[in-house]
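A short write-up of the structure that comes next.
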Amino acid sequence: MAGVPLIEKNIPSDGVMCQYGTGSHLVAWEGYTLPAPIRPRIKRFSMPDASVSPTTPPFHVLITGGSSGIGASLALRYARPGTHLTLWGRNTERLENIAADVVRKGATADTLSLDLSQTEDALAALRKTDDANHIDILILGAGLGDIRPEGALTETAEQVRDISLVNFTTPVTLATEMASRMAVRKSGRIALIGSVAAFHDLPVATAYSGSKAGLARFSTALHAAMTPHHVSVTLISPGYVDTPMSQRLEGARPFLVSSKRAARMITRAIGQGRAHLLFPWPFAVARFLEMVVPRAIVHRLLRMAEVKQRPTQ
Ligand SMILES: NC(=O)c1ccc[n+]([C@@H]2O[C@H](COP(=O)([O-])OP(=O)(O)OC[C@H]3O[C@@H](n4cnc5c(N)ncnc54)[C@H](OP(=O)(O)O)[C@@H]3O)[C@@H](O)[C@H]2O)c1
């Protein structure tokens, strides 16, 4: 495309963008007011050109689950001048608070409250957002972590349906739409937040471990498909991270990681375009053990584990 400026956006090795351009526009959900710059073609992530025009649109990061925990910490980590954060969640008040913190750090932000169990609505919202302002990094972090109710033999059918939609169906739908768009642009990064639970047959959380297992295989398969098209897809498999989700669990949370530290590791992995980040390392050992120890023994041990969860507040 002759005459279209080629802008190279920058992600240093820690995965956080440096400032480029002014990125001064503020976006409301309905009213995108970009000063109609010609959309740049984005080739590779590398140092910005000193001659980047002040009308360059900001680097755009969309985070689902941006209202809490890991998603909120990621939003704060990416927040800096020249970056626009689009934060999705359900709780409007918490979304607005995080957005205000992001703006205080010099970025721009907008929020959308939506229920990700409504896959069609989420897909329409993603298309609308990307049409208005190309997404550079999509982080699919929202998740439900409910386990079997105390004393029940299984999770409820409704629980399993909702967990499947929020943890698997909607994120893989959004990731696929974004991957096809980014592949055409030959640039972009997608991260899916799974869990180490993907690698274990958890009797009290069949839907959680099952949905995260599906997400894990989807993510690494999409990574394989997208690599030739300059789109990176990163699977994040955390152990215990100190967020409202894990705080609901009664009992020990071994090798607990703060959400700030988790965000640091995650942004670095996304910046490096890694296929998979699993942390902290003892869970990599547990994954290996589960593969080599006979399944009947593993299942017996897992059935013995007492796991209780407080209701959501
Ligand atoms: N914390 C851990 O120990 C841990 C370990 C492994 C994996 N993970 C994964 O990390 C991700 C983030 O979890 P977290 O620990 O940060 O938990 P969190 O603090 O409870 O945050 C969960 C996020 O998901 C959003 N969400 C949940 N259901 C939704 C729905 N139906 N529609 C839209 N948004 C929805 C929540 O939005 P609202 O609050 O606004 O409803 C919130 O922003 C999840 O995918 C989780 O499975 C967490």
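Report yes if Leu256 is in contact with an Asp or Glu (Cβ under 6 Å, 6 or more places away or on another chain) and within 12 Å of the ligand (Cβ to nearest atom), otherwise no. If you could, list the steps in order and put the result at the bottom.
Numbers: in contact with an Asp or Glu (Cβ under 6 Å, 6 or more places away or on another chain): yes; within 12 Å of the ligand (Cβ to nearest atom): yes.
The answer is yes for Leu256.
Looking at this structure, is Arg303 surrounded by fewer than 13 Cβ atoms within 10 Å (Cβ to Cβ) and assigned to a helix (DSSP H, G or I)?
When the stated conditions are applied, Arg303 passes them.
Would you say Asp121 is surrounded by fewer than 19 Cβ atoms within 10 Å (Cβ to Cβ), within 11 Å of the ligand (Cβ to nearest atom) and without any contact (Cβ under 8 Å) to a residue 24 or more places away in the chain?
The answer is yes for Asp121.
I want to confirm something. Restricting to the stretch 196-225 and keeping residues that are surrounded by 18 or more Cβ atoms within 10 Å (Cβ to Cβ) and over 17 Å from the mean Cα position of the chain (by Cα), which single residue is nearest to Trp281 (Cα to Cα)?
Phe199
Check whether at least one residue in the stretch 225-245 is within 13 Å of the ligand (Cβ to nearest atom), in a loop (DSSP other than H, G, I, E, B) and over 25 Å from Met304 (Cβ atoms), and report yes or no.
Taking every residue of the stretch 225-245 in turn, at least one turns out to be within 13 Å of the ligand (Cβ to nearest atom), in a loop (DSSP other than H, G, I, E, B) and over 25 Å from Met304 (Cβ atoms).
Do we have Ser164 as within 14 Å of the ligand (Cβ to nearest atom), assigned to a helix (DSSP H, G or I) and within 22 Å of Ile236 (Cβ to Cβ) here?
Answer is yes for this residue.
Give all pairs with beta carbons closer than 9 Å in which a residue from the stretch 186-201 that is over 26 Å from His229 (Cα atoms) meets a residue that is assigned to a loop (DSSP other than H, G, I, E, B); count only pairs at least 6 apart in sequence or on separate chains.
Ser195/Gly143; Ser195/Gly145; Ser195/Gly239; Val196/Gly239; Val196/Tyr240; Ala197/Gly145; Ala197/Ala205
Does Asp146 fit the bill of being over 15 Å from the mean Cα position of the chain (by Cα), within 27 Å of Glu250 (Cα to Cα) and touching a residue at least 12 places away in the same chain (Cβ under 8 Å)? Outline the logic, then answer.
On the way: over 15 Å from the mean Cα position of the chain (by Cα): yes; within 27 Å of Glu250 (Cα to Cα): yes; touching a residue at least 12 places away in the same chain (Cβ under 8 Å): yes.
In short, yes.
Taking the conditions exactly as written (more than 30 Å from Asn133 (Cα to Cα), in contact with a Lys or Arg (Cβ under 8 Å, 6 or more places away or on another chain) and assigned to a helix (DSSP H, G or I)), does Ala207 satisfy them or not? Steps first, answer last, please.
Working: more than 30 Å from Asn133 (Cα to Cα): yes; in contact with a Lys or Arg (Cβ under 8 Å, 6 or more places away or on another chain): no; assigned to a helix (DSSP H, G or I): yes.
Considered against the rule, which asks whether it is more than 30 Å from Asn133 (Cα to Cα), in contact with a Lys or Arg (Cβ under 8 Å, 6 or more places away or on another chain) and assigned to a helix (DSSP H, G or I), Ala207 comes out as no.
Bear in mind that the values in this text are calculations on the coordinates, not laboratory data. All values derive from a computational prediction rather than experimental measurement. Positions of Cβ are generated from backbone atoms using ideal geometry, with glycine treated the same way; all protein chains shown enter the neighbour counts.
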